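Asks: What follows is a structure written as structure tokens; I'll ask about it next.
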Amino acid sequence: MDTTATKKYNLWQWRTIICLMIGYALFYFVRKNLSMAIPAMESELGISKVQLGIFMTLNGVIYGASRFVNGYLVDRFSRRKIMSLGLLLSAIVNFIIAFSPKMNGVMHLLDAEGKATLGFVYLIGALWLVNGYLQGMGVPPCVSLLSHWIRPKELPTKQAIWNTSHSIGAGLVVMLCGFLLKTFGYSAWNLCFIVPAAIALVGVPVIFFGIKDDPTEVGLPPIEKMDEETPSEQEKPVSKALQNKIMRKMVFQNPVLWIIALANFCMNVIRGTILDWGGTFLVQDKGLDISVAGSVIGSCELIGGILGMLVSGWVTDRFFGHRAHRTCLVCMILTTVCFALFWGCTGVTSAVVFLLLSAFFIYGPQALYGTCASMQSTKYAAGTGNGIIGILGYLSTFVSGIWFGHVASSAFGWNRVYIYTIAFGVIGSLIIALIWRVPADGYAKVQKIIDENPDL
């Protein structure tokens, strides 16, 4: 490929990565804001941990299902349009949640003491369920776009760079909400929805106008042709019948992908415990101030998360021959050890350090399980493959949401939550170890499918 085309490709590749990072970070502004609003909503509205856990569980289940549905759609339709629409509608839902108490005159949402009625709980739960579906319009377009714009041999490192958007968005929003609650008090809980939603609206035009769905839209060859001396400008189109066969073999009938999905479930239990309950158990169990707890969880995202993702991507390409699943095994083991040490700490400083280390290591698998799914299912079914691991990953909210909310409210308290979290770390490590010898990607399998079906 000539120098001009290479420069153009590099420009568009990094433009795509940066726009996706901005866009997806802002998805987290209208998703992880609830985790910091929980103590305020519990105090001001009287909503229990179990009810709040149900919110998170319903959101997570619908989110997982949405990732599957939208994963299927982005393999067939415009990725940038799906993603920009999802962010716009999610911001609108957050505005509705923020102003829902204003509807008390129309619906009986608050009692005479200003506490939430069952109707208010149902309303917020329904809105957060809708938000769960809209949030599922974020990841599938990203992983599919990255598979179309980045060579497989570069995907672990560069997708890990994009994955830092998770931590950037979640870290900034929890610190923002912690600052808002510290400054204006728990009674201003609705600012945790208004301010992030207003900021998230900025990402809609960035996604819609800043991204192209495929290199061919800007006159470049398909990604797998980039290294050829004289690449053809057009890729032979894959028929619908062949696309369905590839999807069936590389996703639904691929045992490697299902193992990744199960390991992703266990990983998300740990991640959900830290992110969704971290602000609460640091206040209630470790005795931190709410603003300090917000800063710690924000640091888990911005320091532990970003460094964990970048280091894990680099280690995968540098030491493990692009086999992202091997890096995931190492990280899962170290996460489990660090979280156990966090549980055993009595000092605040040491507890914070081990929680940061837990976040550092958990974000290796968090970043790379999606990469594993993309590489094993290939660009032809990356959206659907990530949809499968998304469903199982966010079924974990039944554990980290409802179950852990119930356990923390019972006589067992947070100590039992910590024990269960560590157990899932051990199980997840054993599961991902099953595919240690698997190749880095599934493109050889796809080529075999194509060669064996010339008439499709």
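Asks: Can you tell me the order of 373-382, 132-141, 249-258 when each peptide is scored by its average per-residue count of other Cβ atoms within 10 angstrom, highest first?
Replies: 373-382, 132-141, 249-258
Asks: Just going by the charge dipole of the chain, with Lys and Arg at +1 and Asp and Glu at -1 on Cβ, which of Gly138, Phe398, Thr371 is farthest out on the positive end?
Replies: Value: Thr371.
Asks: I need the calculated FRET efficiency for the pair Phe209 and Thr6, taking r as the beta carbon distance and R₀ as 25 Å, to the nearest 0.05.
Replies: About 0.55, to the nearest 0.05.
Asks: What order do you get for Phe404, Phe360 when you list them from fewest to most C-beta neighbours inside 10 Å? Can you show the working numbers first?
Replies: Details: Phe404 28, Phe360 23.
By the 10 Å Cβ count, ascending: Phe360, Phe404.
Asks: Which order do the peptides 329-341, 27-39, 415-427 take when ranked by the mean count of other beta-carbon atoms within 10 Å per residue, highest first?
Replies: Highest mean packing first, the order is 27-39, 329-341, 415-427.
Asks: How big is the charge dipole of the stretch 11-75 about its Cα centre, in debye rounded to the nearest 20, if each Lys and Arg gets +1 on its Cβ and each Asp and Glu gets -1 on its Cβ?
Replies: So the magnitude is around 160 debye.
Asks: Moving on. Put +1 on the Cβ of every Lys and Arg and -1 on every Asp and Glu Cβ in the chain; which of Ser291, Phe68, Gly308 then has its Cα farthest towards the positive end of the dipole?
Replies: Value computed over the given set: Phe68.
Asks: Describe numerically, in nm with one decimal, the distance between label points set 7 Å from Cα along Cα→Cβ at Ser43 and at Arg15.
Replies: Modelled inter-label distance: 4.8 nm.
Asks: To the nearest 10 degrees, how steeply does helix 443-452 sit against the main Cα axis of the chain, on a 0 to 90 scale?
Replies: 50
Asks: Can you work out the FRET efficiency for the pair Val238 and Ser187, with r the C-beta to C-beta distance and R0 = 60 Å, to the nearest 0.05?
Replies: Values: r = 56 Å, r/R0 = 0.94.
After rounding, the FRET efficiency stands at 0.60.
Asks: Work out, step by step, the length gained on full extension between His406 and Val348: first 0.36 nm times the residue separation, then minus their alpha carbon distance; give nm to one decimal. Mind dumping the intermediate values first?
Replies: Working: separation 58, 0.36 × 58 = 20.88 nm, distance 2.51 nm.
Result: 18.4 nm gained on full extension.
Asks: Also, I was wondering about something else. On C-alpha positions alone, give me the angle between the axis of helix 306-319 and the longest principal axis of the chain, in degrees, nearest 10.
Replies: The helix 306-319 is inclined about 30 degrees to the chain.
Asks: A further question on this structure: How high is the FRET efficiency from Gln284 to Trp436, r the C-beta distance, R0 45 Å, rounded to 0.05?
Replies: With R0 = 45 Å, the Cβ-Cβ based efficiency is 0.70.
Asks: Here's another thing I want to ask about it. Would you calculate a helix-derived [θ] at 222 nm for the chain, using -39,500 (n - 2.57) for each DSSP H run of n ≥ 4 and dividing by the full residue count, to the nearest 500?
Replies: -24000 deg cm²/dmol
Asks: Let me ask something else about it. Report, to the nearest 10°, how far helix 324-344 tilts away from the longest principal axis of the Cα atoms in the chain, using its own Cα long axis and a range of 0 to 90°.
Replies: 10
Asks: Taking the mean number of other Cβ atoms within 10 Å as a proxy for protection, how do you rank 239-246, 120-127, 306-313 from highest to lowest?
Replies: Highest to lowest by the protection proxy: 306-313, 120-127, 239-246.
Asks: About the Cα centre of the chain, what is the dipole size in debye to 20, counting +1 per Lys and Arg Cβ and -1 per Asp and Glu Cβ, all else neutral?
Replies: 340
No value in this document is a laboratory result; all are computed from the given coordinates. Since this is a predicted model, take the numbers as computed values, not measurements. Reconstructed Cβ throughout: ideal geometry from the backbone, glycine too, with neighbour counts over all protein chains shown.
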